[in-house]
1. Quick check: from the Cα gyration tensor, does region 94-151 come out rounded (a/c under 1.5), prolate or oblate?
2. If you filter region 204-309 for GluC sites (Glu not before Pro), then keep DSSP loop positions with at most 14 other Cβ within 10 Å, what is left?
3. Under 24 Å Cα to Cα from Lys341, which lysines show up? Leave out anything in the same chain fewer than 8 places away.
4. By count of other Cβ within 10 Å, fewest leading, how are Lys75, Lys386 ordered?
5. Rounded to the nearest 500, what is the 222 nm mean residue ellipticity of the chain from helices alone, with -39500 (n - 2.57) per DSSP H run of 4+ residues and division by all residues?
6. In degrees between 0 and 90, to the nearest 10, how far off the longest principal axis of the chain does helix 451-466 point, with axes built from Cα atoms?
7. Quick check: convex hull of the Cα atoms in region 3-172, volume per residue, rounded to a whole Å³?
8. For region 328-444, what is the relative contact order in percent, using Cα pairs closer than 8 Å and at least 6 residues apart in sequence?
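Every number here is computed from the coordinates shown, using simple stated rules; none is lab data. Values in this document were obtained by computation on a predicted structure and should not be read as measured data. All Cβ positions, glycine included, derive from the backbone under ideal geometry; neighbour counts span all protein chains shown.
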Amino acid sequence: MSEQNQQNQQAVQAEEDIDALRQVRLEKLQEMQANGNDPFTVTKFDVTASTAQCREMYEHAEQALPETDDEEAKKAAVDALNAQFTVTVAGRIMSWRKMGKANFLDLRDRTGRIQVYVRMNDIGEEAFTAFRKNGDIGDIMGVTGTLFRTRTGELSVHATAVTLLSKSLKPLPEKWHGLTDRDTRYRQRYVDLIMNEDVRDTFIKRSQIIAEIRSFLNAQGFLEVETPMLVSNAGGAAARPFETHYNALDEDVKLRISLELYLKRLIVGGLERVYEIGRVFRNEGVDTRHNPEFTLMELYQAYTDYHGMMDLTEAMFRHVAQTVCGTTLVPYGEHMIDLGKPFARITMIDAVRQYTGVDFDQIPDTAAAKKIADEKGVHYEDRHEKGDILNLFFEEFVEEHLIQPTFVMDHPVEISPLTKRKPDKPDYVERFELFITAREMCNAYSELNDPIDQRKRFEAQEELIKQGDEEANHIDEDFMNALEIGMPPTGGIGYGIDRLVMLLTNSQSIRDVLLFPTMKSID
């Protein structure tokens, strides 16, 4: 028998076993319902403490116990301590050890696990019999009792009452192997969160990271705003949009690929410091770094430039790492990333020169750039100009080396249609990208506020569309109108929140930090 056939047979057998166990649990539920004990009729259960709070308050009280060599006095003090804490907890049963008239359960809530000691003499014979007969691993259980430590030192709840709050009809994955298949983990994230504590910790940390970003920016005087997701013109980035149809207006619309153009309208309106954290949608492939819907944060600040954005970014990354991780030295794969020291800063031209020996300052025109690209084996398209080829060199030869935090500055104008030119070098713009672990973490500009120059760049983008570039930007006439009203000098930046979470949780794939990543439908 081939290995594939053997695996298929094992999968079929596992499915049959699950169906048989589900049938047993379903029969238990039906019997409970027939006896008027339907757990699904419970609408409320008053929890007085989480498992983490139980540990915190008990350990705090233990520290206050008097030190004595008198065993009787010590026992009396511990008994008094145990009687002091009556709690009601609730969570999922993760394990169950049956020892006659005494049972030990592991109960887990969002904050952790705690052992529960259930004895017939304490909850009554009828309740104990029903508890043993009807309960299963995976059920949601409520427990009232007193806190104590077992002889092995494990903090436990000595139950005086147990309540079945919800019946699990399907068994959890087998204890020792857990849920390890990645495809199943992503499709059934709810089971993944139950079985894998590190996964749950990652998403708790994700929430903390976003909360700290908000706290940092709010303290800097930024205003959080919301802008449209359905737009007539999806601009602000080089990406293919998803398209849909708005029936009420009989208009084709797109899902936004960026937050930029609406946030800049708010700068024109005088809000001066704005940011948005929200979903954007790009009709592209799925890999370890990309998901077609992801979380982007963009912020814009009037009266500053891309240097101001560098300072803000460095301070924010440092603050979030220190607050959430407790350190600015964070592990990622085989590397230790130092967010505490000043981030490196290098121009794109200098970076390419450093890693290839090619100095684009000495390349006079596009023809010469294409010639050197041919010599170095860099693939380009006919429409590409000198600046495009510089960027291709950067992607091909430089990115993989940028492990520690590095601001790469001063991009060619050809790839930066919304950015101010450098006054002393007009073929380049005041832009940077931050790279960490060879990944782009954010992209920032001194924003272009010259409406005449902006229209010319949009027109160049329209020409690219005619040449087949599906990621180029159309002219946004309302945005152009806003620029003609007048936008102050402004620094702006976009952050990939998912990539920052990947960095601070040592996650190798974007799917590991998205609760429900995009998956191909199962036929």
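1. Judged from the Cα gyration tensor, region 94-151 comes out oblate (a/c at least 1.5, b/c at or above a/b).
2. Hits after loop and neighbour filter: Glu226, Glu284.
3. Within reach: Lys205.
4. Ordered by Cβ neighbours within 10 Å, fewest first: Lys75, Lys386.
5. Taking each H run of at least 4 residues, the total per residue is -12500 deg cm²/dmol.
6. 80 degrees
7. 155 Å³
8. 24 percent
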